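Chemist: Just passing along the structure, written as structure tokens.
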Amino acid sequence: MRYWSILAAILVAAAVCCLTSPINAQTEVQNNAPTAQASDAKATTELGAAPADNQSVPQSQAEAKPNGPEVNGIRVTVWNEGIHEKKDEAAKKVYPQGMGYQIAQYLEKQKGIASVHVSEIDDEEQGLSEAILNNTDVITWWGHVGNYDVTDEHVERVYQRVTAQGMGFIALHSAQGSKMFKRFMGTSCDVNWREMGEKERLWVVDPAHPIADGLPPYFELPHTEMYGEHFDIPKPDELVFVSWFQGGEVFRSGCCWHRGLGKIFYFRPGHETFPIYYDENVLKVIYNAVKWAAPSGVRQIVRGNVQPLENIQPAE
């Protein structure tokens, strides 16, 4: 009898345990749920997502906003020295508001462009202030008679933005002779040239390149300034266009390079007294180049002394 009483007691205890354990387990999960959510929220904020409404962005983080395409598109600064259009009647007639404005009004209508700012050499800080560059993903650059008037400080500022932070740089026409372009190339960047208003035929030699997207096999400019080889530049990483001129010369007129984290494109057309920047194909190339040169998202490349991945013993 005592044996059966003990057995009955054991069975009752087991039944009670089975009935209550799921409830206890569920209660434990529910009690721990807020803690898990809080932990996840903290991890998300640390990884760089937008903070909650009751959290503020550290001041240093807000000021040190890295270059990179925003959610709503690419921020472009069109830098044009703006000297010819103010002093040369022929240039003023072709570009009454300046070459920079003509390029900018096209770009601002294109898909994926968040903002377009026009800077000129006569602007405060030569149009190259920290505030402007902080809001620039790609800068286009047209210079000629003012090529050597840009200060070394501003040249170095742009150089660091490109190489260290990934801002794209597009040099147009006579910007090949600028201090800025030479800083990237490390060569004289000299060319042969002639101003006779002759025809230029630009051949697309890399039709698969993003900068050539939507272009015909070649396009022509009826009147332009000639640039001819030899063009004293480092060998391009990629060559997109080659120009032929009516006088017989040829020229590497669409060249790509990588410098640090940044991408650089040189595009030859663009003399100040010819309506080059009204040509649909020329403008399309500049737009394609802006998209190509936009920052890739890489923030830093780590170099220096590193530890081996494998377990190795130093050689004696």
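The values are calculated or read from the model by the stated rules, or taken from the named source; none is laboratory data. All values reported here derive from a predicted model rather than from experimental measurement. Please note: Cβ atoms are built from the backbone with ideal geometry, for glycine as well, and neighbour counts cover all protein chains shown. We work out accessible area using only protein heavy atoms, side chains counted, and drop any ligands, DNA or RNA first. Shrake-Rupley method; radii C 1.70, N 1.55, O 1.52, S 1.80 Å.
Chemist: Out of everything in segment 134-144 that is out of contact with any Asp or Glu (no Cβ under 7 Å at 6 or more places or on another chain) and not in a helix (DSSP H, G or I), what residue ends up being surrounded by the fewest Cβ atoms within 10 Å (Cβ to Cβ)? Lay out the reasoning, then the answer.
Modeler: Going residue by residue through segment 134-144, those that are out of contact with any Asp or Glu (no Cβ under 7 Å at 6 or more places or on another chain) are 134-141.
Next, from what is left, pick out any that are not in a helix (DSSP H, G or I): 135-141.
On the way: Asn135: 16, Thr136: 23, Asp137: 24, Val138: 28, Ile139: 27, Thr140: 27, Trp141: 23.
Residue satisfying both the conditions and the ranking: Asn135.
Chemist: Considering only residues that are part of a strand (DSSP E or B) and among the charged types (D, E, K, R), which ones fall in segment 250-291? Spell out how you get there, then give the answer.
Modeler: Quick first cut of segment 250-291, residues part of a strand (DSSP E or B) only: 250-259, 262-267.
Selection gives Arg252, Arg259, Lys263.
Chemist: Using the structure shown, decide if His223 is under 24 Å from Val145 (Cβ atoms), in a strand (DSSP E or B), open to solvent by 60 Å² or more (accessible area, probe 1.4 Å) and not hydrophobic (A, V, I, L, M, F, W, C). Break it down into steps so the answer makes sense when it comes.
Modeler: Working: under 24 Å from Val145 (Cβ atoms): yes; in a strand (DSSP E or B): yes; open to solvent by 60 Å² or more (accessible area, probe 1.4 Å): yes; not hydrophobic (A, V, I, L, M, F, W, C): yes.
Yes; evaluated as a whole, the condition is true for this residue.
Chemist: Consider segment 173-205. How many of its residues are acidic (Asp, Glu) and either assigned to a helix (DSSP H, G or I) or open to solvent by 50 Å² or more (accessible area, probe 1.4 Å) (or both)?
Modeler: From segment 173-205, those acidic (Asp, Glu) are 190, 195, 198, 200; that's our starting set.
Adding the requirement that they be either assigned to a helix (DSSP H, G or I) or open to solvent by 50 Å² or more (accessible area, probe 1.4 Å) (or both) leaves 190, 195.
Looking only at that region, the number is 2.
Chemist: Name the single residue that is farthest from Arg75 (Cα to Cα) among those in segment 148-172 being assigned to a strand (DSSP E or B) and of a type in the set (Gly, Ala, Ser). Don't jump to the end; show me each part of the working.
Modeler: Residues of segment 148-172 that are assigned to a strand (DSSP E or B), as a first pass: 168-172.
Keeping just the survivors that are of a type in the set (Gly, Ala, Ser) gives 168, 171.
Working: Gly168: 10, Ala171: 17 Å.
Here the answer is Ala171.
Chemist: Let me ask another. Show the residue pairs that are 6+ apart or on different chains and have beta-carbon atoms under 6 Å apart, the first residue being within segment 158-176 and closer than 16 Å to Ser296 by Cα, the second being of a type in the set (Phe, Trp, Tyr).
Modeler: Val162/Phe169; Ile170/Phe265
Chemist: Please go through segment 226-248 and pick out each residue that is farther than 15 Å from Ser188 by Cα, under 27 Å from the mean Cα position of the chain (by Cα) and open to solvent by less than 10 Å² (accessible area, probe 1.4 Å).
Modeler: Val240, Phe241, Ser243
Chemist: Quick check on segment 107-133: of everything there that is outside any loop (DSSP other than H, G, I, E, B) and not aliphatic (A, V, I, L, M), which residue is most open to solvent (accessible area, probe 1.4 Å)?
Modeler: At the first step, the residues of segment 107-133 found to be outside any loop (DSSP other than H, G, I, E, B) are 107, 113-119, 124-127, 130-133.
So of that shortlist, the ones also not aliphatic (A, V, I, L, M) come out as 115, 117, 119, 124-127, 130.
Working: Ser115: 51, His117: 79, Ser119: 0, Glu124: 155, Glu125: 82, Gln126: 27, Gly127: 1, Glu130: 83 Å².
Only one residue tops the list, namely Glu124.
Chemist: Give me the pairs, please: first residue somewhere in segment 292-316 and on the phi > 0 side of the Ramachandran plot and modelled with pLDDT under 90, second residue anywhere and part of a loop (DSSP other than H, G, I, E, B) and open to solvent by less than 100 Å² (accessible area, probe 1.4 Å), beta-carbon distance under 7 Å, and either six or more positions apart or on two chains.
Modeler: Note: pairs meeting the criteria are Gly297/Gly68.
Chemist: Could you tell me whether Gly82 is open to solvent by less than 20 Å² (accessible area, probe 1.4 Å) and without any contact (Cβ under 8 Å) to a residue 40 or more places away in the chain? First the steps, then the outcome.
Modeler: Details: open to solvent by less than 20 Å² (accessible area, probe 1.4 Å): yes; without any contact (Cβ under 8 Å) to a residue 40 or more places away in the chain: no.
In short, no.
Chemist: What about His154, is it crowded, with 18+ Cβ neighbours inside 10 Å, over 23 Å from Pro236 (Cβ atoms) and in contact with a helix residue (DSSP H, G or I) (Cβ under 8 Å, 6 or more places away or on another chain)?
Modeler: Yes.
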